[in-house]
Structure formats: C-alpha cells, structure tokens
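Everything below concerns the one structure shown next.
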Amino acid sequence: MTAAVVWLIVGFALIVAEVISGEFVLLMLGTAALVTGGVSALTGNPYIDAAVFAASSVGLLFLVRPALKRKFLGGEGAKTNTDALIGTHAIVLSTVDGHGGTVKLGGDTWSARAYVEHDRLQPGTKVTVMEISGATAVVSPDP
C-alpha cells in the first residue's frame, strides 16, 4: 500500500469519527490527512508529507476550527429559550396591569403583567418584554 492511500484512509476514518465527537478536532485532522494524501501522491517524500500534515493540522485547528465552532454552535453568549425574548416587542391583546393581561409575543399569546405595577396598558399598545417570570412576560410600554 502506498503512503498516499494510507493518508487517505486515515483522513476518511478521522472524518467519520468526527460524527461521534462533534468538536471539529477530528474533522480538522482528517482534512489535513486528506491534503497530505494528495501531496504524498505527488511527491512520495515522507518528510514533505510530515511537514504538510503538521502545517495543515495546525492551520486548520487554530484558524478554521474556531470560525466553524462560532458558526455552527451559535458562538459564545447566544441567547436561547426565554432569555432570547427579553428586549423583543409585543402587542397587548387584553388590558395589562400589575396583576395580569395578555400579549401577542412572537406569534404566540402570553400572559403578561406590567413592569411598573400601577401602569395600565390598553389593547393594541406596543410593549417591550423586560423579563420573563415563569410563563408570564413582564412588559413595559414602548417609548
């Protein structure tokens, strides 16, 4: 078996193994092995192969991997669930005061209460979600 074929087999095996890990490390090493397999087929020099594998592995791990993680894993501090609703806008459906009411938020109807307890928000008023308390949106009128 030639070195190029071995590099290709190792590359594909690492890429397949990436499915289990999900950290993009094996994907980067597998890609580096595939690149090295191509170079090995052209040169046949094991020293060049080692240099290409080392350089492409380091480059992929430190340059490409962080960008892929940000893109596919949402990046650091991505808001999810109810945290993603804070700061969004809603429309009052039934009068909202310090004790209750309903708003239309993101296409759904939510129970709501006013952020300032003595506020009384009439239907049709545009509001901003200040916080989520359980299943209740705490809202304040838009300026």
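The values are calculated or read from the model by the stated rules, or taken from the named source; none is laboratory data. None of the values given here were measured: they were computed from a predicted structure. Note that each Cβ is placed from the backbone with ideal geometry, even for glycine, and that neighbours are counted across all protein chains shown. Just so you know, the surface numbers come from the protein's heavy atoms only, side chains and all, with ligands and any DNA or RNA stripped out. Shrake-Rupley method; radii C 1.70, N 1.55, O 1.52, S 1.80 Å.
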Counting only protein heavy atoms with a 1.4 Å probe and every protein chain in place, the carbon and sulfur fraction of the accessible surface of segment 6-143 in whole percent equals 64
Contact order relative to length for segment 1-62, counting C-alpha pairs under 8 Å separated by 6 or more residues, stands in percent at 36
Checked against the positive end of the charge dipole of the chain (+1 on Cβ of Lys and Arg, -1 on Cβ of Asp and Glu, about the Cα centre), the farthest of ALA4, LEU42, GLY22 is LEU42
Amide H proximity to ASN45 below 5 Å, modelled H, separation 5+ or other chain, gives none
CD proxy, 222 nm, the chain: helix-only mean residue ellipticity via -39,500 (n - 2.57) per DSSP H run with n ≥ 4, per residue, nearest 500, stands at -13500 deg cm²/dmol
By the C-alpha gyration tensor axes a ≥ b ≥ c (rounded if a/c is under 1.5, else prolate when a/b exceeds b/c, else oblate), the shape of segment 87-143 is rounded
The chain accessible area per residue, 1.4 Å probe, protein heavy atoms, integer Å², reads 61
In whole angstrom, the spacing between the Cα centers of segment 94-117 and segment 1-24 equals 54
Length-normalised contact order of segment 19-132, Cα under 8 Å, at least 6 apart, in percent, tallies to 20
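Take the alpha carbon gyration tensor of segment 27-74, find the square roots of its eigenvalues, order them as a ≥ b ≥ c, and report rounded if a/c is under 1.5; if not, report prolate when a/b exceeds b/c, else oblate.
prolate
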With Cα coordinates, the longest principal axis of the chain makes an angle with the long axis of helix 46-59, in degrees rounded to 10, of 10
